[in-house]
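This report refers to the structure that appears directly beneath it.
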Amino acid sequence: MTPRLSFRPGTSVDMEACLALSHQCDSDRVWQMTLNAADPTQQVQVGFRVEKLPRSVALTHVPDPRRLHDDPDAGRLFVVARLYIEPKQHIPVDPESQDAPLTLPPPPPRTPIIGYVAAHYDEMRGLAWLDDVCVAETLRRQKIAAQLVDGVRQWAREQGAERLLAAVPTKHAPMIALCQGIGMTFCGYNDQFFLNHDIAILFGLRLSRVRRVE
C-alpha cells in the first residue's frame, strides 16, 4: 500500500537532508550495447540487449547539489516528499465565551524528508529533463518515486515542454523500470555521457501541451 505523502517545493534548508538519503541500489541486469561500424561512412548499426548479470551489483549515484534548487524563472524544479500525518483535531473556543482565551490550531507535524525529485526545462528545445529522483531505502517499492516523477510530468506540461527525457546508466535496472513503468520509451543513447564515462540510454515521453503557467 502506497503511504500518504505531502509534497512541497524544496529549499536550501532541505538540501542536507536530501543528500543524506541513501543513493545506492542493487541491479541484476544491464543493457548491453553492440556496435557494428565496419564501414562508418556507409552504415552504422547499434543495438541493445538486456542481459542478466551473474550477480547483483551495488550502484551508487552521487547527486549534484547544484541541481537541488527550485527556481521557476530559471526552469528548475526541486520537490521534497514527506510522510503525511493527519493533524490533531482542533476544537476552537467560542469567541463569545469568557471562560478561555481563543486558541489557534496547532501547526501540522513536520516529518523527515523521505524523497525528492529534481528536473529542469530547456525552453529553447521544448524539452524537460528528469535530473534526479531518490527515495529513502526503507520506503522503496511503494510507488513513491513514480508519484514524484508523475509530478515532474505534470510540471513539464505546464511549462510547455513537448517531451520529458531521462538519461539512465545501462546498469541501472531500477531506474529503467521506473521510466518504463510511467510510459517512457527508449529513444537513443549517448556514449560516455556520465563523469565515469558510462553510456547513457535515453528514455522519452511525449507530452500533451497545455498553456504555460506564468
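Observations
- Qualifying residue in segment 160-167 (condition: assigned to a helix (DSSP H, G or I) and not β-branched (Val, Ile, Thr)): no
For every residue, the table says whether it meets (1) polar (S, T, N, Q); (2) more than 17 Å from the chain's Cα centre (by Cα); (3) farther than 23 Å from LEU83 by Cα; (4) not in a strand (DSSP E or B).
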| site | (1), (2), (3), (4) |
| --- | --- |
| MET124 | no, yes, yes, yes |
| ARG141 | no, no, no, yes |
| ARG157 | no, no, yes, yes |
| LEU178 | no, no, no, yes |
| CYS187 | no, yes, yes, no |
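Results for (1) over 22 Å from PHE48 (Cβ atoms); (2) surrounded by 15 or more Cβ atoms within 10 Å (Cβ to Cβ), shown as yes or no for each residue.
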residue	(1), (2)
TYR121	yes, yes
ALA145	yes, yes
GLN154	yes, no
PHE193	no, yes
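- Some residue of segment 151-158 being touching a residue at least 40 places away in the same chain (Cβ under 8 Å), among the basic types (Lys, Arg) and under 30 Å from ASP26 (Cβ atoms): yes
- Pairs, first closer than 13 Å to MET33 by Cβ in segment 192-203, second of a type in the set (Val, Ile, Thr) and crowded, with 16+ Cβ neighbours inside 10 Å, C-beta under 7 Å, six or more apart: PHE193/ILE199; ASP198/THR170; ILE199/THR170; ALA200/VAL168; ILE201/VAL168; ILE201/THR170
- Positions within segment 29-65 being closer than 22 Å to CYS134 by Cα, surrounded by 10 or more Cβ atoms within 10 Å (Cβ to Cβ) and not aliphatic (A, V, I, L, M), in sequence order: ARG29, TRP31, SER56, HIS61, PRO63, ASP64, PRO65
- Any hit, segment 113-121, residues being under 24 Å from GLN142 (Cβ atoms), modelled with pLDDT under 95 and under 34 Å from the mean Cα position of the chain (by Cα): no
- Cβ-Cβ under 7 Å pairs, at least 6 apart or on other chains, segment 1-16 side in contact (Cβ under 8 Å) with a residue 24 or more places away in the chain, far side surrounded by 11 or more Cβ atoms within 10 Å (Cβ to Cβ) and of a type in the set (Lys, Arg): THR2/LYS143; LEU5/ARG82; SER6/ARG82
The values are calculated or read from the model by the stated rules, or taken from the named source; none is laboratory data. What you see is a predicted model, and the numbers here were worked out from it, not measured in a lab. Here the Cβ is made from the backbone with ideal geometry for all residues, glycine too, and neighbour counts use every protein chain on show.
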